[in-house]
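The block underneath contains the structure these notes are about, expressed in structure tokens.
The values are calculated or read from the model by the stated rules, or taken from the named source; none is laboratory data. A quick note: this is a predicted structure, and the numbers were derived from the prediction, not measured. Because the Cβ atoms are built from the backbone with ideal geometry, glycine has one as well, and the counts that use them run over all protein chains shown. Ligands, DNA and RNA are excluded from the accessible area calculation, which covers all protein heavy atoms including side chains. Shrake-Rupley method; radii C 1.70, N 1.55, O 1.52, S 1.80 Å.
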Amino acid sequence: MADTSVTSYKVWDVPVRLFHWINFLSVLTLIAFGLVIYNGGALGLSNEGKALMKTLHVWAGYVFAVNLAIRLVWAFMGNAHARWSAILPGGRGYGAALRAYIRGDGTAWLGHNPLGRLAVTAMLLALIGQAVTGLVLAGTDIYYPPFGGMIAEWIAADGVDPSSLVPYGPKELLDAAAYQDMRAFRKPYIEVHEWLFFTLLGLITLHIAAVVMAEIRHGGTLVSAMFTGRKHYDRTPEDKAEGALAPSFDLGAS
Ligand code: HEM
């Protein structure tokens, strides 16, 4: 008779689960405010409305950026499945494991499966890019930290207190040439911020579709594991590496 016993494994530690849901909520909020800013013209937003939307977006951005920074550090300290060695693609046997997974070999994984590593790495890169470009834009657009003080000093007219500058404020307070230079400096940041926004929309859609498909195909309680931290399998997961820091890709003789 086939062995149908199911084993419960502890996978995602508390910091990883907290990161995931804070990231989910803050990115959702950032997308909502970002879409309003992006369509500000069509929505007929006043300058005050635009400044308010940018300010709310930036506050959500701080939550998002701090949460992301903590996660990047936790990848050096967390359990075996939280670490860079379990996130980044590569390592011994990775290529073979990826090809086998894509072929639908039916393997079960506790942490990220080989294809999931590619998606998570791409998402992390896009999120880091959004955090960096967003923090620069917070300075150029509404003079908020960490760079807002420097930007305001750069563009304030002679004799004007930089801390008195407000978004969409009177042009007379600005040094016209310095303001033009600042707008030119800002341009690549807003372009990358927009481009990464659309990239992220695609990656998030893929991520959700892949999680749902993996759950339907292979079981393993992927979705509930992000709440409980545990996955349940009726077969031995490939990366079950008790006491080891880096999950193994050793697929045996196959
Ligand atoms: C996943 C994270 C993020 C997403 C999806 C996102 C999305 C967007 C979108 C769609 C826009 C409108 C772009 C446009 O009008 O051309 C925008 C603008 C902006 N974002 Fe973000 N953002 C993110 C993170 C951040 C962070 C971390 C900050 C800063 C703390 C930030 C600061 C800004 C600012 C200041 C603007 C206004 C730029 C403008 O004038 O349009 N963003 N963001």
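Quick check: anything in the stretch 37-56 in contact (Cβ under 8 Å) with a residue 12 or more places away in the chain and within 13 Å of the chain's Cα centre (by Cα)?
Within the stretch 37-56, none of the residues are in contact (Cβ under 8 Å) with a residue 12 or more places away in the chain and within 13 Å of the chain's Cα centre (by Cα).
Please go through the stretch 108-122 and pick out each residue that is open to solvent by less than 60 Å² (accessible area, probe 1.4 Å) and not in a loop (DSSP other than H, G, I, E, B).
114, 116, 117, 119, 120, 121, 122 - these are the residues of the stretch 108-122 that are open to solvent by less than 60 Å² (accessible area, probe 1.4 Å) and not in a loop (DSSP other than H, G, I, E, B).
Can residue 166 be described as touching a residue at least 60 places away in the same chain (Cβ under 8 Å) and away from the ligand (no atom under 14 Å from the Cβ)?
It is true that residue 166 is touching a residue at least 60 places away in the same chain (Cβ under 8 Å) and away from the ligand (no atom under 14 Å from the Cβ).
If residue 106 satisfies all but one of (1) under 19 Å from the mean Cα position of the chain (by Cα); (2) more than 16 Å from the ligand (Cβ to nearest atom), what's the number of the condition it fails?
Condition (1) is where residue 106 drops out.
Identify all residues within the stretch 165-178 that are open to solvent by 50 Å² or more (accessible area, probe 1.4 Å) and under 34 Å from the mean Cα position of the chain (by Cα); write none if there are none.
Across the stretch 165-178, the qualifying residues are 166, 168.
Look through 141, 181 and report the one residue that is in contact with a helix residue (DSSP H, G or I) (Cβ under 9 Å, 6 or more places away or on another chain) and within 16 Å of the ligand (Cβ to nearest atom).
The unique qualifying residue is 141.
Are there any pairs with C-beta distances below 7 angstrom linking a residue in the stretch 11-22 that is of a type in the set (Ser, Thr, Tyr) to a residue that is at pLDDT below 95, with the two at least 6 apart or on different chains, and if so which?
Note: no pairs meet the criteria.
Just checking, how many residues over the stretch 11-28 are open to solvent by less than 50 Å² (accessible area, probe 1.4 Å), part of a helix (DSSP H, G or I) and either within 9 Å of the ligand (Cβ to nearest atom) or among the aliphatic types (A, V, I, L, M) (or both)?
4
Is the stretch 208-227 home to any residue that is near the ligand (Cβ under 10 Å from one of its atoms) and open to solvent by 30 Å² or more (accessible area, probe 1.4 Å)?
No, there is no match, as no residue in the stretch 208-227 is near the ligand (Cβ under 10 Å from one of its atoms) and open to solvent by 30 Å² or more (accessible area, probe 1.4 Å).
Can you tell me which residue within the stretch 179-194, out of those that are closer than 17 Å to residue 61 by Cα and of a type in the set (A, V, I, L, M, F, W, C), is least open to solvent (accessible area, probe 1.4 Å)?
Here the answer is 190.
Picking from 82, 65, 86, 96, which residue would you name as being in contact with a helix residue (DSSP H, G or I) (Cβ under 6 Å, 6 or more places away or on another chain) and more than 15 Å from residue 130 (Cβ to Cβ)?
After applying the criteria, what remains is 82.
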